[in-house]
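Asks: I'd like to ask some things about the structure below.
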Amino acid sequence: MTNVTVLGAGPMGRALARALLRHDHHTTVWNRTAGRAAALAADHARLADTAEEAVAASRLVLPCVIDHAALRDIITPVAATLRGRTLVNLTTGTPAEAREIAEWAARHGIDYLDGVIMTPAGTIGGPGAVILYSGPEHLYQAHLPTLRALGGTALHLGDEAGRAAGYDVALLDLFWTAMSGLVHAFALARAEGITATELAPHARGISDLLPAIIDDFAGRLDDDRFDGDVSDLRSAVAGMINVLRSAQAHRLDTGILEAALTTARRPVEAGYGADSFARLARTVAVHGE
């Protein structure tokens, strides 16, 4: 059993605390809005009145708050109390923010790991949870027996503090652009008199294509091989134009489609029209390669 502090009692913070409590870790919880943490008392969590009291209660401190601005507001005043302790930051942010907090922690004698939670709060403590970590491996290994209580898959991705957040933003880039495409597809189908239920099985068919495409593109990108042996950018642009025109005819918002078409056209205009769609990963910068 380990003494652990969770800073933040939103849905994810409460899930983290409950997972730790189920594994009999002595868990202290603090939240800026005290009422949010109150329900955890029934699970035998210790509720701290202040952030400093919460930090002082444990050698291992897990902050999980809304953003890095909130994180800085909480940990900056208690830097002296955090000295000599381990901060495992589970607050979602950018790689640059992770590096910034890591540098701040080093200046104050605080051990630091950055973590990103890749699955919803309901998975925490169960086999479906996925949490990625980066920072000194010896810290990860030292605290892994406790971190395992959070469930599922725990992966250490390297010593560089921003690496886990780098995975996070890249994967969320894929997720949110896919989600945007999905809702737009449903809107376009509805405009054509096709119900969402009618479209759904065919939409799943599109998603079934993605695993093979992901592996194919990964190999091409790592090998710098962009031959359009299956399909090329010119044909992709032609197909995207058809979708755009159809959406415009129904007066749908086409901002995402226009942005995608602009991104695809740029390498075609630069002479890469016969290349694979994977080429876009090298040309997405605003000014191209």
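The values are calculated or read from the model by the stated rules, or taken from the named source; none is laboratory data. Keep in mind that what you see is a predicted model, and the values were worked out from it rather than measured. Note that we place each Cβ from the backbone using ideal geometry, even for glycine, and neighbour counts take in every protein chain shown.
Asks: Residue under question is Ala149, and the condition is that it be in contact (Cβ under 8 Å) with a residue 60 or more places away in the chain and touching a Leu at 6+ places or on another chain (Cβ under 6 Å); does it hold?
Replies: It is true that Ala149 is in contact (Cβ under 8 Å) with a residue 60 or more places away in the chain and touching a Leu at 6+ places or on another chain (Cβ under 6 Å).
Asks: Within the range 90-99, track down each residue that is at pLDDT 95 or above and either β-branched (Val, Ile, Thr) or in contact with a Leu (Cβ under 7 Å, 6 or more places away or on another chain) (or both).
Replies: Result: Leu90, Thr91, Thr94.
Asks: Shifting gears a bit: Name every residue in the range 10-26 that is over 13 Å from Gly122 (Cα atoms) and either in contact (Cβ under 8 Å) with a residue 24 or more places away in the chain or touching a Phe, Trp or Tyr at 6+ places or on another chain (Cβ under 8 Å) (or both), in order of residue number.
Replies: Leu20, Leu21, Arg22, His23, His25, His26 - these are the residues of the range 10-26 that are over 13 Å from Gly122 (Cα atoms) and either in contact (Cβ under 8 Å) with a residue 24 or more places away in the chain or touching a Phe, Trp or Tyr at 6+ places or on another chain (Cβ under 8 Å) (or both).
Asks: Got at least one residue in the range 228-249 being within 24 Å of the chain's Cα centre (by Cα) and either at pLDDT below 95 or on the phi < 0 side of the Ramachandran plot (or both)?
Replies: no
Asks: What number of residues within the range 175-192 satisfy the criterion of being of a type in the set (D, E, K, R) and surrounded by 13 or more Cβ atoms within 10 Å (Cβ to Cβ)?
Replies: 1
Asks: Looking at Leu172, Leu221, which is the one that is outside any loop (DSSP other than H, G, I, E, B) and either in the same structural domain as Thr123 (by TED's automatic domain parsing) or surrounded by 15 or more Cβ atoms within 10 Å (Cβ to Cβ) (or both)?
Replies: Leu221
Asks: Something else about it: Among the candidates Gly122, Gly115, single out the residue that is small (Gly, Ala, Ser), surrounded by 21 or more Cβ atoms within 10 Å (Cβ to Cβ) and closer than 20 Å to Asn31 by Cβ.
Replies: Testing whether each residue is small (Gly, Ala, Ser), surrounded by 21 or more Cβ atoms within 10 Å (Cβ to Cβ) and closer than 20 Å to Asn31 by Cβ leaves just Gly115.
Asks: If you don't mind, another one. Just to be sure I understand the filter: pairs with C-beta atoms under 6 Å, separated by 6 or more residues or on different chains, first member in the range 179-198 and under 18 Å from Ile256 (Cβ atoms), second member at pLDDT 95 or above and not aliphatic (A, V, I, L, M). Which pairs pass?
Replies: Listed pairs, sorted by first residue: Ala191/His250.
Asks: Restricting the search to the range 119-162, which residues are in contact with a Pro (Cβ under 7 Å, 6 or more places away or on another chain) and either modelled with pLDDT of 95 or more or part of a helix (DSSP H, G or I) (or both)?
Replies: Ala121, Asp159, Gly162
Asks: Among the residues of the range 229-255, write down those that are loosely packed, with under 15 Cβ neighbours inside 10 Å, among the aliphatic types (A, V, I, L, M) and part of a helix (DSSP H, G or I).
Replies: Selection gives Ala238, Ile241, Ala249.
Asks: If you don't mind, there's one more thing I want to ask. Considering only the range 1-110, give the helices (runs of 4 or more DSSP H) lying wholly within it that have at least 3 residues that are outside the structural domain of Ile131 (by TED's automatic domain parsing) and under 24 Å from the mean Cα position of the chain (by Cα).
Replies: none
Asks: Here are the criteria: (1) modelled with pLDDT of 95 or more; (2) of a type outside the set (Asp, Glu); (3) within 18 Å of Ser180 (Cα to Cα). Tell me which single one Ser207 does not satisfy.
Replies: (1)
Asks: Could you run through the range 97-112 and say how many residues are of a type in the set (Gly, Ala, Ser) and surrounded by 13 or more Cβ atoms within 10 Å (Cβ to Cβ)?
Replies: Result for the range 97-112: 3.
Asks: Within the bounds of the range 142-160, is there any residue that is at negative phi and under 12 Å from the mean Cα position of the chain (by Cα)?
Replies: No, the range 142-160 contains no residue that is at negative phi and under 12 Å from the mean Cα position of the chain (by Cα).
Asks: Give the residues of the range 125-140 that are crowded, with 20+ Cβ neighbours inside 10 Å and in contact with a Gly (Cβ under 6 Å, 6 or more places away or on another chain), sorted by residue number.
Replies: Selection gives Gly125, Ala129, Ile131, Tyr133, Ser134.
Asks: Answer with yes or no whether Ala236 is of a type outside the set (S, T, N, Q) and in contact with a Phe, Trp or Tyr (Cβ under 8 Å, 6 or more places away or on another chain).
Replies: Answer is yes for this residue.
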